[in-house]
Amino acid sequence: MTLIKDTGLLYSMQLGRNCSSCNRECSCQVLPRIAHLMPALMDSEKVKAYFEADNVVAHYADAAARLGLWVSEEKILTRLFKTDESILELGCGVGRIAIGLHELGYRNVLATDYSRPMIQRTRSLAKLLEYAIPTQVADARALKFEDEVFDGAIFGFNGLMQIPSEAGRIRALCEIYRVLRPGAWFVFTTHDRERSPYQEFWQAEYKRWVAKEQSPDLECFGDRAEQTKDGLHFMHVPTVEEMKAQLTEAGFRLEATVMRSELGEEPAEVKHFSDDCRFWVVQKL
């Protein structure tokens with residue numbers, strides 16, 4: 001019998017082998033084996049539909065207009081990227097980051113999102129501001145770019161974790177790696193399950209997975225799917241070790257990872273818009 005530490009709590013479970021992610025006995029891979037999961041259980045089109053809903057697009061547009069770049073984003077992005085470099089932004093929403101960078105002198109940011117209404121709203125906002133920001137509808141899992149064409153990439157506001165299925169997220173990481181030039185930086189954010197303020201939820205969720213009583217729509221422990229008035233809102237909440245393993249699989253070198261709250265104090269409006277999150281800075285070698 002092995003004690004498993006997960007989400008700050010101790011659980012007991014018989015483990016048959018070491019975790020493939022971190023090469024030790026832990027809970028990273030146990031729950032998927034317990035649940036006998038099948039891949040791609042979450043409907044990608046349902047997830048996409050949420051980000052095409054009028055209210056959701058309006059929410060992102062409001063954030064682009066009112067919030068701009070976060071203190072933490074500006075601190076990291078301006079240190080890593082030069083203003084003349086070609087930068088691919090994925091999951092741009094309504095251009096909050098792209099517009100913020102444009103206002104700092106960045107003129108080669110391509111803002112992409114797989115939600116066409118988000119891109120249409122981004123174009124309208126950029127036109128209103130008289131900013132020449134190129135935009136494109138793009139799926140991070142199947143990018144229509146040649147190899148090694150970008151000097152850097154950004155996937156802000158936990159967008160990578162809103163791709164359903166582990167295979168889909170790893171495929172996105174591999175695609176981003178492919179289109180980056182050697183030495184290029186990639187910056188993205190995720191939540192951190194072990195630093196989550198909702199530990200009681202994760203404790204209860206863990207017990208549901210052990211009992212095989214989890215939602216049938218979920219693929220792996222860490223997935224969250226909430227039905228809202230605007231559709232199904234999906235988010236995967238990883239652990240640090242899980243994310244490190246996927247980055248290694250895609251070929252990236254981890255430079256640094258830090259919580260947003262450790263980078264500086266954000267305005268109250270930003271904290272209201274988004275919970276604390278973890279920044280990841282990785283490099284294509």
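The values are calculated or read from the model by the stated rules, or taken from the named source; none is laboratory data. As the structure is a computational prediction, the values presented were derived from the model and not from experiment. As a convention, Cβ positions derive from the backbone with ideal geometry for all residues, glycine included, and neighbour counts pool all protein chains shown.
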Worksheet item: buried (at least 22 other Cβ atoms within 10 Å of the Cβ) and either touching a residue at least 24 places away in the same chain (Cβ under 8 Å) or of a type outside the set (Asp, Glu) (or both), is that true of Pro197?
Response: no
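Considering only helices (runs of 4 or more DSSP H) fully contained in segment 1-101, which possess at least 2 residues that are at pLDDT 80 or above?
Details: elements: 30-35, 44-50, 54-66, 71-80.
By residue number, 44-50, 54-66, 71-80.
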Worksheet item: Is it the case that Tyr114 is surrounded by fewer than 21 Cβ atoms within 10 Å (Cβ to Cβ) and either modelled with pLDDT of 95 or more or over 20 Å from the mean Cα position of the chain (by Cα) (or both)?
Response: no
Worksheet, complete the sentence: If we take segment 197-285, then strands (runs of 3 or more DSSP E) inside it with 2 or more residues that are at pLDDT 95 or above and closer than 28 Å to Gly183 by Cβ are 252-259, 278-284
Worksheet item: Which one is surrounded by the most Cβ atoms within 10 Å (Cβ to Cβ), of the residues in segment 222-257 that are within 21 Å of Ser44 (Cβ to Cβ) and small (Gly, Ala, Ser)?
Response: Gly222
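Can you say whether Val281 is within 14 Å of the chain's Cα centre (by Cα) and under 16 Å from Leu173 (Cβ atoms), as far as the supplied structure shows?
Considered against the rule, which asks whether it is within 14 Å of the chain's Cα centre (by Cα) and under 16 Å from Leu173 (Cβ atoms), Val281 comes out as yes.
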Practice prompt. State which residue is nearest to Ala225 (Cα to Cα) when the search covers only segment 120-163 and only residues that are over 18 Å from the mean Cα position of the chain (by Cα) and aliphatic (A, V, I, L, M).
Written response: Leu125
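Name the one entry in Ala126, Ala132, Ala167, Ala172 that is of a type in the set (A, V, I, L, M, F, W, C), in a helix (DSSP H, G or I) and surrounded by fewer than 20 Cβ atoms within 10 Å (Cβ to Cβ).
Working: Ala126 fails: surrounded by fewer than 20 Cβ atoms within 10 Å (Cβ to Cβ); Ala132 fails: in a helix (DSSP H, G or I); Ala172 fails: surrounded by fewer than 20 Cβ atoms within 10 Å (Cβ to Cβ).
Exactly one of Ala126, Ala132, Ala167, Ala172 is of a type in the set (A, V, I, L, M, F, W, C), in a helix (DSSP H, G or I) and surrounded by fewer than 20 Cβ atoms within 10 Å (Cβ to Cβ), namely Ala167.
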